[in-house]
Amino acid sequence: MFIGNGVKQFVQDRVTNHLSRIYKDEKGITGLETAIVLIAFVVVASVFAFTVLTTGLLGTSKAKHSVETGLSVAGSTLTKKGSTVLTAGTSVETIHFKLASAAGSEAIDLDPGRTLVTYADDNNRVNAKYVTEFPENPADEVYWKYAWPLDGTQGPVVDPGEVAEFTLNVANLDNPLGANSRMKIEVIPAEGAVVPVFTTTPLEMKSVMVLP
């Protein structure tokens, strides 16, 4: 009987110790914590990857737009053709020059309502006013008009192979354009590149002056 009780007590102690070790074992908790950390890393990595991909796609879209815009501007370019001709009395009165579409470029719209022509020299800076004919009693300082000198062509669009002849009337400038003076004209279409026209008046005024 005593032996049986001893065996029973021994078994109970072993079972109790085993259950106690199981109860105190934190391997399961450690594994759960590891799983939570791993999931957190996966979530953060997913968010970061999404951000990188979105930024990359946005950057690609911006780059594409910039390239397309650059190509559009390059494909819509006017270039100066021939000489710049000035007429003058005591000072310059009119300025004539021709523009044509650059080789391989597209048609360029020069609608007067969407085209800006500016004039500047050492003493003046003016936005020219478009007219079909120069007024006899001008109120503005600078006027501009244009014509299509080639037979069978007409504006306001400059198609490939066409030429537009611009004329500016600067006779009413507050500071008249005299001899040995720099001047710059810019033709700014609604789409396409700005076309600058530079020249310097001669040392001596003549009624007609042909400049590069």
Item to check | Cβ-based net charge around ALA179, under 15 Å, with every Lys or Arg adding one and every Asp or Glu removing one | outcome: -2
Checklist entry - Under a plain spin-label model, where a point goes 7 Å from the Cα along Cα-to-Cβ, how far apart in nm are ALA120 and ALA35? => result 7.2
Next on the checklist: Per residue of region 114-127, what does 6.51 cos²θ - 1.76 cosθ + 1.60 with θ = phi - 60° give for ³J(HN,Hα)? Whole Hz please, x for Gly and Pro, Karplus curve as stated.
Outcome noted: 10, 10, 10, 10, 10, 10, 8, 9, 5, 10, 9, 8, 9, 8
Checklist outcome for this item: Quick calc of log₁₀ I(q)/I(0), region 78-211, Debye, one scatterer on every Cα, no solvent, q values 0.09, 0.11, 0.13, 0.20 1/Å, result -0.25, -0.37, -0.52, -1.20
Checklist entry - Can you list residues whose amide H is under 5 Å from TYR130's amide H, if they're 5+ apart or on another chain and H is modeled 1.01 Å from N? => result TRP144
Checklist entry - How far apart, in nm, are two points set 7 Å out from the Cα along the Cα-to-Cβ line at ASN127 and at THR55? => result 4.1
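Counting other C-beta atoms within 10 Å, which of GLU136, GLU162, GLU204 has the fewest, and how do the rest follow? Kindly include the intermediate steps, with their values, before the conclusion.
Numbers: GLU136 5, GLU162 19, GLU204 8.
Fewest to most other Cβ atoms nearby, the residues stand as GLU136, GLU204, GLU162.
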Item to check | For LYS81, distant residues with modelled amide H under 5 Å away | outcome: LYS98, LEU99, ALA100
Checklist entry - By how many nm would the segment from SER46 to LYS206 grow when fully extended, if each residue of separation counts as 0.36 nm and the alpha-carbon distance is taken off? => result 49.9 nm
Item to check | In nm, spacing of pseudo-spin labels at ALA103 and GLN154 (7 Å Cα→C-beta vector) | outcome: 3.1
Checklist entry - THR94's amide H: which non-local residues (gap 5+, or another chain) put their own amide H closer than 5 Å, with H modeled 1.01 Å from N in plane and none for Pro or chain starts? => result THR87, VAL170
Checklist entry - Taking θ as phi - 60°, what are the ³J(HN,Hα) couplings along region 38-50 by the Karplus curve (6.51, -1.76, 1.60), each to the nearest whole Hz, with x for Gly and Pro? => result 4, 5, 4, 4, 4, 5, 4, 5, 5, 4, 4, 5, 4
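None of the figures in this text is laboratory data; all of them are computed from the coordinates on show. Note that this is a predicted model, so its numbers are computed, not measured. Every residue, glycine among them, receives a Cβ derived from its backbone with ideal geometry; neighbour counts consider all protein chains shown.
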